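Working notes, structure below.
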């Protein structure tokens, strides 16, 4: 009897222990689930707060950008109220001396010039190229030219040009400045190669005008107008410089001898005429004799003896 009671007591104790263990395990699982739920809720709340903060920053930035665009538009254009300042497309400003050639999907837009002022364009669809309308000046590198009379000279020049048709300039030539530069070099050799050295040294302005006409006719199809061409310097070889200096000196000496000989001839003719006149008038000869004596006495002290016949 005592053994049965003891067995039942042990069984009841074991059952209680198992129940307590199951209850403790269930409590722990619920606590862990609650902790995970709280952690997930906190993460969602933090993410939501970050999203709200980012949205507020973007909204504030967009508001400031729109305000800046409105103020710039009002300052730059009297018709700013006609523009859609809330447009998402980028804004570009073209200066007074510039023009923008517009392309859409690789094709030029009808009336494709923009500027001066503000214009919009669509990214990834529209592209544009700025063109400067101001006068451009460049120096032609010193060129070695063989003249018509086989004299080698070194010449450099300056060319002034400007773009008059931006669309033609963009569509016709890749680099207008480089093309005009190379054309000026070849034209310089062409013009001076057909002239003698004397003509080049004497008529620089005429050579410059001829070169300007050649450049103008060749570059007008590029939307460019050549305005002026000037020769800066014409350098001669040193041997030729010495020869020309000797030639110039000989020419000056010859002219001096001619002038001196002409003077002596004129003096001889004058003396001959005076002698003829004096021979016809004894009183004139005597007067000349007295004048000569007077000139002698004024230069130094002297005694003059006049022969007198009794």
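Please treat every number below as a calculation from the coordinates, not as lab data. What you are looking at is a predicted structure, and each value in this text was computed from that prediction instead of being measured. Quick reminder, even Gly has a Cβ in these numbers, built from the backbone with ideal geometry, and neighbours come from all protein chains shown.
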log10 I(q)/I(0), Debye, Cα-only the range 89-132, no solvent, q = 0.15, 0.18, 0.29 Å⁻¹?
-0.31, -0.45, -1.09
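Given contacts defined as C-alpha pairs under 8 Å and at least six residues apart, what's the relative contact order of the range 89-132, whole-number percent?
Working: 84 pairs, mean separation 22.4, N = 44.
Relative CO of the range 89-132 lands at 51 percent.
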Does anything in the range 198-212 have its amide N under 19 Å from the 7 Å Cα→Cβ label point of residue 160, and if so which residues?
204-212
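Report the gain in length on full extension from residue 129 to residue 216: 0.36 nm times residue separation, minus Cα-Cα distance, nm rounded to one decimal. It would help to have the intermediate numbers written out before the result.
Details: separation 87, 0.36 × 87 = 31.32 nm, distance 2.43 nm.
Difference between extended and current length: 28.9 nm.
For Cα pairs less than 8 Å apart in space and 6+ apart in sequence, what is the mean separation divided by the residue count of the range 134-233, i.e. the relative contact order in percent?
Details: 160 pairs, mean separation 38.4, N = 100.
Result for the range 134-233 is 38 percent.
Beta carbons within 10 angstrom, averaged per residue: use that to sort the peptides 115-122, 161-168, highest first.
Working: 115-122: 16.1, 161-168: 18.0.
The densest-packed peptide leads the list: 161-168, 115-122.
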Placing each pseudo-label 7 Å from Cα in the direction of the beta carbon, residue 108 and residue 269 end up separated by a distance in nanometres of 7.6 nm
Using a Förster radius of 35 Å, what is the FRET efficiency between residue 291 and residue 257 based on their Cβ-Cβ separation? Nearest 0.05, please.
0.60
